[in-house]
Amino acid sequence: MINDQPSLHQLPNELKSAFHELNILKFLRKAGFRKRFGLSCTTLFQLVFTLLFHQKNWFRLLESSKAELFPGKDAVYRFLNHTSFAWRRFLTLLGTATVQKVDTLTSADRDCVFIVDDSMFERNRSKAVELLAQFKDHATGTFYKGFRMLTLGWSDSHTFLPLDFALLSSNKSGINRINDSIDKRSHGYKRRQESLLPAPTVIVSMLDRALKAGTTASYVLMDSWFTHAPLIGEIVARGLDVIGMV
């Protein structure tokens with residue numbers, strides 16, 4: 001694991017080469033991840049990222065014999081929940097750069113596509129989460145508390161790379177509202193406002209950001225929940241063809 005020293009050499013060998021090849025820390029800084037004091041954003045990011053591969057959670061880590069080597073959970077939670085950090089911009093920059101590396105390995109005759117899909121993000125035990133809403137899982141017919149996680153990705157039929165994401169709430173079934181104390185100029189507040197928009201509106205914005213960043217594709221793939229004439233018209237107007245279930 002990574003302690004409070006910020007150097008890149010603390011990464012496991014299996015991840016060090018990937019961080020270097022993809023310039024992950026460079027894109028983190030480019031997306032505006034900076035702190036005035038305490039552990040750096042790069043140190044905290046590497047720690048959270050590496051934790052996934054150790055199959056441990058924060059509770060188990062801080063209960064271990066090495067707990068004194070790592071920051072407290074409050075430092076990590078503040079980093080993950082900071083409203084000024086542009087996580088979306090970071091993902092788009094990293095995804096676009098990775099697409100350009102993969103695209104050089106792909107035959108010019110192969111069609112590349114954008115894929116739009118949503119999935120459940122359940123928070124059934126939560127009560128005080130901002131914008132928590134109730135949704136119906138159409139696969140099982142049951143209801144759950146949480147969000148819809150809308151994702152935009154790129155694929156060449158062998159590789160899938162995420163480019164953008166949004167957690168969607170609902171104006172109709174929202175349990176909690178936006179926290180008014182959040183700076184309305186921050187990325188976090190704008191993401192909260194976005195969560196109340198219809199999914200087709202968010203999808204168009206996602207595609208615009210991906211195209212502006214330099215990612216290209218021939219088609220947009222989506223399932224029957226999004227295959228409707230107004231959204232198809234918006235996508236075609238941007239020079240992309242649509243393949244969707246009906």
Exercise for the section: Evaluate the relative contact order of the chain (contact order divided by residue number), counting alpha-carbon pairs under 8 angstrom at least 6 apart; express in whole percent. Expected result: 17
Practice task
For region 87-244, report the accessible area per residue in Å² (1.4 Å probe, heavy atoms, rounded to an integer).
Solution key: 55
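Kindly provide the trypsin sites (Lys or Arg not before Pro) of region 43-134 that DSSP labels as loop, not H, G, I, E or B, and whose Cβ sees at most 15 other Cβ atoms within 10 Å.
Listed in order of number, the matching sites are Lys56, Lys66, Arg110, Arg123, Arg125, Lys127.
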Handout entry: Directionally averaged projected area (convex hull, Cα atoms, region 143-219), nm²
Key = 6.9
Fill in the blank from the handout: Residues other than His228 with Cβ under 15 Å of its Cβ, Lys/Arg counted +1 and Asp/Glu -1, net out at -3
Problem - Paired Rg and Dmax values of region 85-127, which use every Cα atom, in angstrom - result: 16.2, 51
Problem - Length gained when the stretch Ser107-Phe160 is fully extended (0.36 nm per residue, less Cα-Cα span) - result: 17.5 nm
Exercise for the section: Measure off, as a whole percent, the carbon and sulfur share of the 1.4 Å-probe accessible area of region 23-153, all protein chains present. Expected result: 53
Practice task
Over 31 Å between C-alpha atoms is what I'm after, so list which of Lys73/Lys212; Lys73/Lys172; Lys16/Lys66; Lys73/Lys101; Lys30/Lys145 land there.
Solution key: Lys73/Lys212; Lys73/Lys172; Lys73/Lys101; Lys30/Lys145
Exercise for the section: Express the carbon and sulfur contribution to the solvent-accessible surface of region 161-202 as a percent, rounded to the nearest whole number, probe 1.4 angstrom. Expected result: 55
Problem - Convex hull volume of region 13-81 per residue (C-alpha atoms, cubic angstrom) - result: 101
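The values are calculated or read from the model by the stated rules, or taken from the named source; none is laboratory data. Note that this is a predicted model, so its numbers are computed, not measured. For neighbour counting, all protein chains shown are included, and Cβ atoms are generated from backbone atoms with ideal geometry for every residue, glycine included. SASA here: full protein model, heavy atoms, side chains in, ligands and nucleic acids out. Shrake-Rupley method; radii C 1.70, N 1.55, O 1.52, S 1.80 Å.
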